[in-house]
Amino acid sequence: MKRIIIALVVIIGFTAFVIFKLLANKEILDEKSSFKPADPPIAVTLAPVERRALSHELTLLGTVFADKELPVVSQTMGEIVELKFNLGDYKREGELMAKVKDDKIRVGLEAAQAAYEKIANDVERLEKLYQSQATSEQSLRDAKLGLVQAKTQVDNLKLQLEDTKINAPMSGVVTAKMVEKGSVLGGGTPLAMMADVSRLKVKLRVPEQDVYKLSTGRPVKITADVYPGVEYSGIITFVSPQGDESHTYPVEISLVNRGDAPLKAGTYVNAVFPSIVRENAVTIPREALIGSLKDAKVYVVENGKAAIKKIVVGSETGERLEVLDGLTDADKVVVSGQINLRDGSPVVVVGER
């Protein structure tokens, strides 16, 4: 019995020793399998940030408007008995467009003219009597005052009669029609809208970094997709001193419409401003850019590692980009090798431009 117990103790001890060795060997193997060699540094080439004078053509999208647009307005009340225009008609300034019923005014004018003529005859008679001292000076004075009042009444009614004729306030095309024959107008009622498209104006908004280079009187080239290859000559007529929340500024350009390629109000056009020079601008090579221009980033090297930086890109000129924010003059950007880079990747600089 004693020998059996001794054998069991030996067997249990041996088994425990084997398990202990196996566990120890597993820990060694796990340590070896978890070991990862350090990533080798990635070869990159750098280029310094440079300050340069930039010159570029600025092209912006704008909208065409009629140079002049006015409503056709009635100055009197009454029923329209004649309507002499339709949508799209061209009317010259002063041309008759509508006629308001005027019979009551004509009746009143006839009565006022008859009263005026009677008072005029009375004044003539009293003047003769006054010369012969057959009437008083006061009577003559009262008669002359009555004549002035009668003349005023006649003139007022003639103006009212003239106001029943509604004429074009300018030369242009009818772009809107608000009434028909038989419509009853109130004073100041608009009948139509007219637009003069012989001259046009282009309205657009210019970014803050470019608007300071613009001034009134400068020439601008205008093109439109509806007329490929056709150019219009414009002149800057207005540069707003007030920008909006997005730091863009309203600008207006005046141009003469072309008879062979007439633009319509509301058309989108491209305004191409002549070369705008910006002195001492911060620039980098285009190949340093990571991502899009709207979400631009670049890599720089800090303490032997790649560091990504978000930048704000301004204008593009050839092979260089203007950087408005995100870099300093002392920075150098990665221009090759960045395809394999991540933020924090070890790098080795193999060249500099």
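The values are calculated or read from the model by the stated rules, or taken from the named source; none is laboratory data. Since the structure is predicted, the reported quantities are computational estimates derived from the model, not experimental observations. Cβ coordinates were reconstructed from backbone atoms using ideal geometry, including for glycine residues, and neighbour counts include every protein chain displayed.
Can you tell me which residues in segment 206-220 are of a type outside the set (Ser, Thr, Tyr) and either more than 17 Å from Ser275 (Cβ to Cβ) or within 17 Å of the chain's Cα centre (by Cα) (or both)?
If we filter segment 206-220 for residues that are of a type outside the set (Ser, Thr, Tyr), which is where we start, we get 206-211, 213-214, 217-220.
Hits for segment 206-220 are Val206, Pro207, Glu208, Gln209, Asp210, Val211, Leu214, Val220.
Of everything in segment 72-92, what is of a type in the set (A, V, I, L, M, F, W, C) and surrounded by fewer than 14 Cβ atoms within 10 Å (Cβ to Cβ)? Give them in sequence order.
Going through segment 72-92, the residues of a type in the set (A, V, I, L, M, F, W, C) turn out to be 72-73, 77, 80-81, 83, 85, 87.
Listed by number, the list holds a single entry, Leu87.
Would you mind telling me which numbered condition in (1) assigned by TED's automatic domain parsing to the domain that holds Asp102; (2) within 25 Å of Leu87 (Cβ to Cβ); (3) surrounded by 13 or more Cβ atoms within 10 Å (Cβ to Cβ) Lys203 fails?
(1)
Tell me the residue from Gly62, Gly88 that is modelled with pLDDT of 85 or more, touching a strand residue (DSSP E or B) at 6+ places or on another chain (Cβ under 7 Å) and in the same structural domain as Asp210 (by TED's automatic domain parsing), please.
Details: Gly88 fails: in the same structural domain as Asp210 (by TED's automatic domain parsing).
Only one candidate passes the filter, namely Gly62.
Which residues, taken from segment 34-56, are charged (D, E, K, R) and either in contact with a Phe, Trp or Tyr (Cβ under 8 Å, 6 or more places away or on another chain) or at pLDDT 90 or above (or both)? Let's see the steps before the verdict.
Going residue by residue through segment 34-56, those that are charged (D, E, K, R) are 36, 39, 50-52.
Hits for segment 34-56 are Glu50, Arg51.
Has segment 193-201 got any residue that is touching a strand residue (DSSP E or B) at 6+ places or on another chain (Cβ under 8 Å), at pLDDT below 95 and not in a strand (DSSP E or B)?
no
Contact list please: Cβ distance under 9 Å, first residue in segment 237-265 and under 17 Å from Thr216 (Cα atoms), second residue small (Gly, Ala, Ser) and assigned to a loop (DSSP other than H, G, I, E, B), pairs at least six apart or on different chains.
Partner pairs satisfying both residue conditions: Thr237/Gly217; Val239/Ser215; Tyr249/Ser240; Tyr249/Gly243; Pro250/Ser240; Pro250/Gly243; Val251/Ser240; Glu252/Ser240.
Applying the selection to segment 266-293, what residues are among the small types (Gly, Ala, Ser) and either more than 16 Å from Val202 (Cα to Cα) or crowded, with 17+ Cβ neighbours inside 10 Å (or both)? Spell out the reasoning first.
If we filter segment 266-293 for residues that are among the small types (Gly, Ala, Ser), which is where we start, we get 266, 271, 275, 281, 288, 291-292.
Matches in segment 266-293: Ala271, Ser275, Ala281, Ala288, Gly291, Ser292.
With the requirement that a residue be more than 17 Å from Leu61 (Cβ to Cβ), in a loop (DSSP other than H, G, I, E, B) and out of contact with any Asp or Glu (no Cβ under 7 Å at 6 or more places or on another chain), what does segment 241-264 give you?
Within segment 241-264, the first condition is being more than 17 Å from Leu61 (Cβ to Cβ), and the residues that meet it are 241-243, 245, 247, 254, 256-262.
Among the residues that remain, those that are also in a loop (DSSP other than H, G, I, E, B) are: 241-243, 245, 247, 257-262.
Listed by number, the residues that qualify are Pro241, Gln242, Glu245, Asn257, Arg258, Gly259, Asp260, Ala261, Pro262.
Need the failing condition index for Leu46 against (1) in contact with a Ser or Thr (Cβ under 7 Å, 6 or more places away or on another chain); (2) crowded, with 17+ Cβ neighbours inside 10 Å; (3) closer than 30 Å to Val282 by Cα, just the number.
Every listed condition holds for Leu46 apart from (1).
Take segment 294-342 and flag every residue that is at positive phi, surrounded by fewer than 16 Cβ atoms within 10 Å (Cβ to Cβ) and over 33 Å from the mean Cα position of the chain (by Cα).
Asn303, Gly304
Please work out which one of (1) over 30 Å from Val197 (Cβ atoms); (2) in a strand (DSSP E or B); (3) in contact (Cβ under 8 Å) with a residue 40 or more places away in the chain is the condition Ile308 fails and give its number.
So the condition that Ile308 fails would be (3).
Pairs please, first residue from segment 207-222 and over 14 Å from Glu252 (Cβ atoms), second anywhere and of a type in the set (D, E, K, R), Cβ atoms under 7 Å, 6+ apart in sequence or on different chains.
Hits for this filter: Lys221/Glu231.
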